[in-house]
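Enquirer: Take this structure, written in structure tokens, and hold onto it; I'll ask about it next.
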Amino acid sequence: REAENLKDQLTNLEKKLEVEVGAAISAKKAAEELLKAVQQDVNKFKGEAVQFSKMAKEAQERYERELVLHVEQNKMLRETERKLEEMKGEKETAQATVKEWEAKTIEAK
């Protein structure tokens, strides 16, 4: 009788152990799946972060190029304005010379 009780206890313990092992295996699988999902999310985030970083760098480079072009265009504009003023002066001088020659031509007649 005592042997049967021990045998029953052992059988019950084996069943409990099987249930516990099954639960542990299920928990391990769930944890592995969760870990895999987290790793995928991290990898996706890293990829997006790298892409965003590249985009930000490209935008900065484009901005710097535009800034350099703007400065160069302003220099060209100032130079063109200077030349225009110089040409206006030359035009006025030429017009004055023409008037002088016209006056001399009229006097000579």
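The values are calculated or read from the model by the stated rules, or taken from the named source; none is laboratory data. These numbers come from a predicted model, not from an experiment. Each accessible area value is taken on the protein alone, full model and side chains, heavy atoms only, with ligands, DNA and RNA left out. Shrake-Rupley method; radii C 1.70, N 1.55, O 1.52, S 1.80 Å.
Enquirer: Per-residue accessible area for Met87 at 1.4 Å probe radius, Å² rounded to 10?
Expert: Surface open to solvent at Met87 totals about 120 Å².
Enquirer: I'd like the distance between the alpha-carbon centres of the stretch 8-72 and the stretch 75-109, rounded to an integer number of Å.
Expert: Cα centroid of the stretch 8-72 versus Cα centroid of the stretch 75-109: 76 Å apart.
Enquirer: Determine Rg/Rh for the chain; Rg is computed over alpha-carbon atoms and Rh is the Kirkwood hydrodynamic estimate from the same atoms.
Expert: 1.94
Enquirer: Taking springs between alpha-carbon atoms closer than 10 angstrom, which of Ala37, Ala56, Ala94 fluctuates most in the Gaussian network model of the chain?
Expert: Ala94
Enquirer: Using the heavy atoms of the protein chains and a 1.4 angstrom probe, tell me the accessible area per residue for the chain in square angstrom. Mind showing how you got there, number by number?
Expert: Numbers: 10600 Å² over 109 residues.
Result: 97 Å² of accessible area for each residue.
Enquirer: Using 10 Å bins from zero, what percent of all Cα-Cα pairs in the stretch 49-92 falls into each bin?
Expert: Histogram of Cα-Cα distances, whole percents per bin: 26, 25, 19, 15, 10, 5, 1.
Enquirer: Would you mind checking the tilt of helix 2-108 against the longest principal axis of the Cα atoms of the chain, expressed as 0 to 90 degrees and rounded to 10?
Expert: Helix 2-108 sits roughly 0 degrees off the main axis of the chain.
Enquirer: Can you tell me the mean projection area, over all orientations, of the convex hull of the stretch 1-60's alpha carbons? Units nm², please.
Expert: On the way: hull surface 16.1 nm².
Convex hull of Cα atoms, orientation-averaged projection: 4.0 nm².
Enquirer: Accessible area of the stretch 39-109 with a 1.4 Å probe: how many percent of it is carbon plus sulfur? Walk me through the numbers before you get to the answer.
Expert: Numbers: 4020 of 6940 Å².
Roughly 58 percent, rounded to a whole number.
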